[in-house]
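Read through the structure below, which is laid out as structure tokens, and then see the notes.
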Amino acid sequence: MSLTTDVRRLFVLLCGFEFIPKTVSTKDRGGRFILSAPVCAYLLDTSHGWVMLDCGMNEDTLADPDQVRKKFLDLGLMPPVVRRDHRLDRQFEAIGIGYEDVKHVILSHLHLDHCGSLKRFRHARISLQRREFDYAFSEYAGFAYFREDYSMPDMDWDLKDGDWDAMPGLELLDTAGHTPGHQSAIITLPSGQTIVLPFDAGDLQENFDHERLPGECSDEVAALAAIRRLKSLTVDRSAKMILFHDPVQIQSIRLAPEFYE
């Protein structure tokens with residue numbers, strides 16, 4: 001397999017925390033436990049420019065007491081936390097870029113903790129699986145879809161069907177199951193190291209070690225197939241899997257402004 005890659009560096013951005021019953025991450029397991037689950041986004045320095053993979057939560061919504069009450073407290077949910085150092089603008093500043101420097105955003109799916117800052121990237125191309133786009137704009141989209149976060153008339157949507165390559169070294173995989181159009185990523189770095197980013201195909205190491213389904217699945221058969229596919233690819237490519245929501249692993253990950261190369 002060729003190690004040719006157009007990716008120069010991978011930054012892991014810690015964008016805040018959600019407080020969720022463990023059963024949100026592991027179906028029918030851990031109902032008495034509450035996780036402080038990190039919310040991440042990934043920034044790639046590439047030969048084609050800066051690329052974002054997901055873009056965190058809507059910081060403005062979480063700073064508005066009325067919105068917090070309406071979208072979380074009135075539903076019996078604990079609101080996420082975005083502290084000052086979690087803000088995208090501060091993390092970008094530490095890296096030396098601004099929102100305008102990101103010309104391409106790739107979204108795993110359209111849940112609130114993955115696309116919340118999308119309004120700041122209206123100048124960028126937004127890549128997403130077509131099935132996710134159609135579902136998110138349908139009457140069936142659930143409470144985790146905040147339509148105001150992604151329903152903007154001036155977005156440059158780039159809709160995909162199945163696996164696709166964004167560039168050499170950046171592969172996107174159809175891992176539907178958690179949602180109808182979920183996708184995951186595989187990154188090849190200049191060092192030859194391969195990074196697997198499952199996003200919400202599996203929140204925790206437990207999902208992969210024990211092939212435990214996420215708590216929310218649009219298709220349980222597809223969700224299990226996605227876990228097994230990502231698990232197999234991680235082994236076959238001697239890759240490192242960086243988990244999106246794991247509160248244990250996040251403590252040992254190299255966080256921005258540090259990077260992987």
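The values are calculated or read from the model by the stated rules, or taken from the named source; none is laboratory data. Just so it is clear, the structure is predicted and the values come from calculations on it, not from any experiment. In this analysis, Cβ positions are derived from the backbone assuming ideal geometry, glycine residues included, and neighbour counts consider all displayed protein chains. The area values use the complete protein model at the heavy-atom level, side chains included, leaving out ligands, DNA and RNA. Shrake-Rupley method; radii C 1.70, N 1.55, O 1.52, S 1.80 Å.
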#### Entry: In Hz, Karplus ³J(HN,Hα) per residue of the range 32-40 (6.51, -1.76, 1.60; θ = phi - 60°; x = Gly, Pro)
8, 10, 10, 9, 8, 8, x, 10, 10
### Query
Hey, in the GNM for the chain with a 10 angstrom Cα cutoff, which one of 82, 248, 51 fluctuates hardest?
248
### Share, in percent, of DSSP beta bridges within the range 82-212 that are antiparallel, nearest 5
60 percent
### Modelled FRET efficiency - R0 45 Å, residue 29 with residue 64, Cβ distances, 0.05 increments
0.85
### Query
Counting DSSP beta bridges with both partners in the chain, what percentage is antiparallel, nearest 5?
70 percent
## Note on the structure
So for the range 87-188, using the alpha carbon gyration tensor with a ≥ b ≥ c as root eigenvalues (a/c under 1.5 gives rounded; past that, a/b versus b/c decides prolate or oblate), I'd call it oblate
### Task
Using a cut-off of 13 Å between beta-carbons, work out the net charge of the residues near residue 149 (Lys and Arg +1, Asp and Glu -1, residue 149 not included).
0
### Task
Kindly flag which residue pairs out of 27/240; 119/160; 103/240; 27/119; 103/231 have an alpha-carbon separation exceeding 29 Å in this structure.
27/119; 103/231
### Task
Taking H placed 1.01 Å from N in the peptide plane, check which residues at least 5 places from residue 35 or on another chain put their amide H under 5 Å from its amide H.
20, 22
#### Entry: Loop trypsin sites (Lys or Arg not before Pro), the range 82-148 (other Cβ atoms within 10 Å of the site Cβ: 15 or fewer; DSSP)
83, 122
### Two-site label geometry, residue 72 and residue 143: point separation in nm, points 7 Å out along Cα→Cβ
1.4 nm
#### Entry: Amide hydrogen neighbours beyond the local backbone of residue 46, cut-off 5 Å, H modeled
8, 51
### Query
Of 201, 123, 232, which is farthest along the charge dipole of the range 116-260 in the positive direction, counting Lys and Arg as +1 and Asp and Glu as -1 at C-beta?
123
### Query
Which translational diffusion coefficient, to the nearest whole µm²/s, is obtained for the chain from the Stokes-Einstein equation, given a Kirkwood hydrodynamic radius over C-alpha pairs, 20 °C and 1.002 mPa s?
117 µm²/s
### Task
Using DSSP, restrict attention to beta bridges with both residues in the range 114-186 and report what percent are antiparallel, rounded to the nearest 5.
60 percent
#### Entry: For the chain: accessible area per residue (Å², 1.4 Å)
44 Å²
### Task
Could you give the size of the charge dipole of the chain about its Cα centre, using +1 on the Cβ of each K and R and -1 on the Cβ of each D and E, expressed in debye and rounded to the nearest 20?
480 debye
### Query
Percent of accessible area on the range 119-261 owned by carbon and sulfur, 1.4 Å probe?
48 percent
### Summary
GNM of the chain, Cα pairs under 10 angstrom: of 226, 41, 63, the biggest fluctuation goes to 63
## Note on the structure
For residue 234, the accessible surface traced by a 1.4 Å probe with all protein chains present amounts, in square angstrom to the nearest 10, to 20 Å²
### Query
What shape does the range 24-98 take by its C-alpha gyration tensor, where a ≥ b ≥ c are the square roots of the eigenvalues and a/c under 1.5 counts as rounded, a/b above b/c as prolate, and the rest as oblate?
oblate
### Message
Suppose only helical runs count, i.e. DSSP H with n ≥ 4. What mean residue ellipticity at 222 nm does that imply for the chain under -39500 (n - 2.57) per run, divided by all residues and rounded to the nearest 500 deg cm²/dmol?
### Response
-5000 deg cm²/dmol
### Task
List the relative contact order of the chain as a percent without decimals, with contacts defined as Cα pairs under 8 Å and 6+ residues apart.
23 percent
